[in-house]
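Have a look at the structure below before the remarks.
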Amino acid sequence: MKTKSVDRIMTGVIVGVGFLIIALLAALLGYLLIRGLGHVSWHFLTSPPESIRAGGGIGPQLFNSLFLLVLTMIITVPLGLGAGIYMSEYAKQNRLTAFIRLIVEVLSSFPSIVVGLFGLLVIVNRFGLGLSLMSGALALTVFNLPLMVRITEQALRAVPREQKEAGLALGLSRWRTITTVMLPISLPAIVTGTILAAGRVFGEAAALLFTAGMSSPRLDFTDWNPLHHTSPLNPFRPAETLAVHIWKVNSEGLAPDAAQIAAGASAVLIITVLVFNLGARWLGRVLYRKLTAGR
Amino acid sequence: MTLIATEKTDARRTAVQSAGENPASATSPADSPSAAALNAGTGTVVPPAPSAPPSQPAPALKQAPAVTAQIPKPAPSEPEPSGAARTQAAPPPAFYTKDLSVFYGEKQAIKQVSMAFPDRQVVALIGPSGCGKSTFLRSLNRMNDLIPGASIEGEIWIGGHNICDPKTDVVRLRQKIGMVWQRPNPFHKSIYENVAFGPRYHGVKSKAALDELVEECLRKTALWDEVKDRLHQSGLALSGGQQQRLCIARSIAVKPDILLMDEPASALDPVSTAKVEELTAELKRDYTIVIVTHNMHQAARVSDKTAFFFLGDLVEYDETNKIFTNPSRKSTDDYISGRFG
Ligand SMILES: Nc1ncnc2c1ncn2[C@@H]1O[C@H](COP(=O)(O)OP(=O)(O)OP(=O)(O)O)[C@@H](O)[C@H]1O
Ligand SMILES: [Mg+2]
């Protein structure tokens, strides 16, 4: 009797907390979207910002955010996969690897403003990369790489030991067992984790203030040669991202519609991150089905 | 048949004795029968030439004199597999362990076990939980190496190679030793792919050859009729018993010589269990099988020889008949009759 009522009360509490969280999330999302979506239009998404007049857009910033994301992922995904595979499958479990693991944890939880300052001192000034997309991508790598390593390592560790042994028992080499038996099983988790990490990169502002910069040169969207100075694809140009733009407009925007622009940009940012999340789940499932059955 | 087998056995024994390669075996009276016992299994395979592997595991008897005390007369069941063995062009090599010890860190899980596995016979490993059956089985294809802290000492001879030698190519080795786990663990791939995966990796590229091989292996495991219409569905969608047979099909697809099975039927219902047992009897014609089981009836039904382990020791190893009707050691008797374990 008693356990039953305790059970019922606890269930009620848990369900209540669950609902509270969902309600909070919905309220937050609704608020941001209602406030911002009205301002979002094709024009807003594609035109460059105005500094003092109304009617500016977020075109270059949106592009910068996406491009920076791609750059960061090009750097971190291969490295993170490699290091994650190494940590989970090859590294001996000893003091040293435990220490590396600790550092990785610490790195990924570094305050991003500190990473930004570090980026300014080391990447921007010392290595002379200047305020540029590349500097921004490297700064983001500092906390994205550890995340990727951990995601990969955990996904591989979650593969049942018998699966790995079955591969090895067939006479497959260790590497082939990892790539053909274990990775397909862990890929959904890796892809989901990667895209969630991408969401964080996409929304990051503090680490980029001093590395990717707070301004964007006039971009010529007809020039796709990455070596040209005004080309959007040039990774060595300064680039203000969407999140940085929101911060800047909010704090020092002079345009009369600064508040609306910030709200609109926030809505775009949130929708993009949401799309990432949903896309991650979908892609994970599709990949899993593709890789594991049929052929 | 029987006669020939016996002759060969005798020939082996004299070969070993006259060669006198193992001085230890000359001194201890218990040794030569044991060498003969071990040879009884291997003798049908290895040509009875003096050049045969010299290091027969004579010291086996140390911990279990009772086992070795008796000279195995060719049991009625023996000539059959040995006959089958000789009809094959290249019979798979027999194998045996010599003073095999396995450690987890400091803890010794297997204590100097020496036993020979007769070619194309089923050997059952029995014993109470935690006595080291899985550890022993998993050492035979060096799978236990994967466990952090695990280490082995002693020798495992397979086809003239000591696979405990650090130079052993374990990847190649494992192709020759199939393995089946307690819980069915098909790959997260289609039924077809589960079987075709190994052979393709080892070089069977043509679609026709793969198709044929898949069908052959699925037929051998009596699964073909149940799955032939859905070869490209996930292997995970099968029932537990079907999955286990799929796993057996997968392991025989790479043409191993030896099959190791760790309680292959313990997670299955009686019907599936019966199928796996039938299959084991069937597969014995082509493979040397080592099977761990907690089911005494199963051991009695499927195996030719039975080994009783206790606390890491090989207590008794003999013909299954003998073990179940007239065991030499009291602890074996107690375990089999359910007085402990
Ligand atoms: N990974 C491991 N690390 C440390 N000790 C282990 C490990 N695996 C097994 N052992 C120990 O080795 C001994 C033998 O275990 P093993 O799994 O071989 O027993 P078993 O005979 O297969 O038992 P069961 O019938 O329950 O499967 C046990 O005492 C066990 O505690
Ligand atoms: Mg076991």
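Assorted remarks:
- Scan of region B:104-129 for residues that are more than 8 Å from ligand 1 (Cβ to nearest atom), over 25 Å from residue B:278 (Cβ atoms) and either within 14 Å of chain A (Cβ to nearest Cβ) or under 13 Å from the mean Cα position of the chain (by Cα) (or both), ordered by number: B:115, B:116
- Filtered residues of region B:245-263 (kept if within 16 Å of ligand 2 (Cβ to nearest atom) and buried (at least 23 other Cβ atoms within 10 Å of the Cβ)): B:260, B:261
- Residue count for region B:182-196 under the criterion of being facing chain A (nearest Cβ under 7 Å), out of contact with any Lys or Arg (no Cβ under 7 Å at 6 or more places or on another chain) and open to solvent by less than 30 Å² (accessible area, probe 1.4 Å): the result is 3.
- Restricted to region B:143-181, and to residues there that are open to solvent by 40 Å² or more (accessible area, probe 1.4 Å), part of a loop (DSSP other than H, G, I, E, B) and among the small types (Gly, Ala, Ser), the residue that is nearest to residue B:99 (Cα to Cα) is B:160.
- Filter result for residue B:275 (in contact (Cβ under 8 Å) with a residue 24 or more places away in the chain, within 14 Å of the chain's Cα centre (by Cα) and open to solvent by 30 Å² or more (accessible area, probe 1.4 Å)): no
- Test: residue A:174 is over 18 Å from residue A:193 (Cα atoms), open to solvent by 30 Å² or more (accessible area, probe 1.4 Å) and either touching a Phe, Trp or Tyr at 6+ places or on another chain (Cβ under 6 Å) or without any contact (Cβ under 8 Å) to a residue 24 or more places away in the chain (or both): no
- Residue B:324 vs. criteria surrounded by fewer than 23 Cβ atoms within 10 Å (Cβ to Cβ) and of a type in the set (Phe, Trp, Tyr): yes
Yes or no, residue by residue, for (1) under 28 Å from the mean Cα position of the chain (by Cα); (2) open to solvent by 30 Å² or more (accessible area, probe 1.4 Å):
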| site | (1), (2) |
| --- | --- |
| A:163 | no, no |
| A:166 | no, no |
| A:169 | no, no |
| A:195 | yes, yes |
| A:199 | yes, no |
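- Test: residue in region B:149-162 that is over 25 Å from residue B:253 (Cα atoms) and within 15 Å of ligand 2 (Cβ to nearest atom): yes
- Any chance residue B:158 is of a type outside the set (Gly, Ala, Ser), away from ligand 1 (no atom under 14 Å from the Cβ), touching a Lys or Arg at 6+ places or on another chain (Cβ under 9 Å) and within 25 Å of residue A:172 (Cα to Cα): yes
- Summed over region B:135-155, residues that are more than 9 Å from ligand 1 (Cβ to nearest atom) and on the phi < 0 side of the Ramachandran plot total 10.
- So residue B:199, is it in contact with a helix residue (DSSP H, G or I) (Cβ under 9 Å, 6 or more places away or on another chain), away from ligand 2 (no atom under 16 Å from the Cβ), open to solvent by less than 10 Å² (accessible area, probe 1.4 Å) and closer than 19 Å to residue B:258 by Cα: yes
- Counting residues in region B:283-291 that are within 16 Å of ligand 2 (Cβ to nearest atom) and away from every other protein chain (no Cβ under 14 Å) gives one or more.
- Odd one out for residue B:132, checked against (1) within 12 Å of ligand 1 (Cβ to nearest atom); (2) touching a residue at least 12 places away in the same chain (Cβ under 8 Å); (3) over 19 Å from residue B:116 (Cβ atoms): (3)
- Residues of region A:140-194 satisfying the condition of being assigned to a helix (DSSP H, G or I), within 14 Å of another protein chain (Cβ to nearest Cβ) and over 21 Å from residue B:236 (Cα atoms): A:174, A:175, A:176
Conditions tested, residue by residue: (1) of a type in the set (Val, Ile, Thr); (2) away from ligand 1 (no atom under 16 Å from the Cβ).
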residue: B:220; (1), (2): no, yes
residue: B:228; (1), (2): no, yes
residue: B:234; (1), (2): no, yes
residue: B:240; (1), (2): no, yes
residue: B:244; (1), (2): no, yes
residue: B:260; (1), (2): no, no
residue: B:265; (1), (2): no, no
residue: B:273; (1), (2): yes, yes
residue: B:277; (1), (2): no, yes
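- Residue within region A:193-209 that is within 21 Å of residue B:198 (Cβ to Cβ) and touching a residue at least 24 places away in the same chain (Cβ under 8 Å) present: no
- Residue match in region B:316-326 (condition: over 18 Å from the mean Cα position of the chain (by Cα), away from ligand 2 (no atom under 16 Å from the Cβ) and within 14 Å of chain A (Cβ to nearest Cβ)): no
- Qualifying residue in region A:179-192 (condition: surrounded by 22 or more Cβ atoms within 10 Å (Cβ to Cβ), in contact with a helix residue (DSSP H, G or I) (Cβ under 9 Å, 6 or more places away or on another chain) and not hydrophobic (A, V, I, L, M, F, W, C)): yes
The values are calculated or read from the model by the stated rules, or taken from the named source; none is laboratory data. What you are looking at is a predicted structure, and each value in this text was computed from that prediction instead of being measured. Cβ atoms come from the backbone with ideal geometry, glycine included; neighbour counts cover every protein chain shown. Remember, those area values only see protein heavy atoms, side chains included, never the ligands or the DNA or RNA. Shrake-Rupley method; radii C 1.70, N 1.55, O 1.52, S 1.80 Å.
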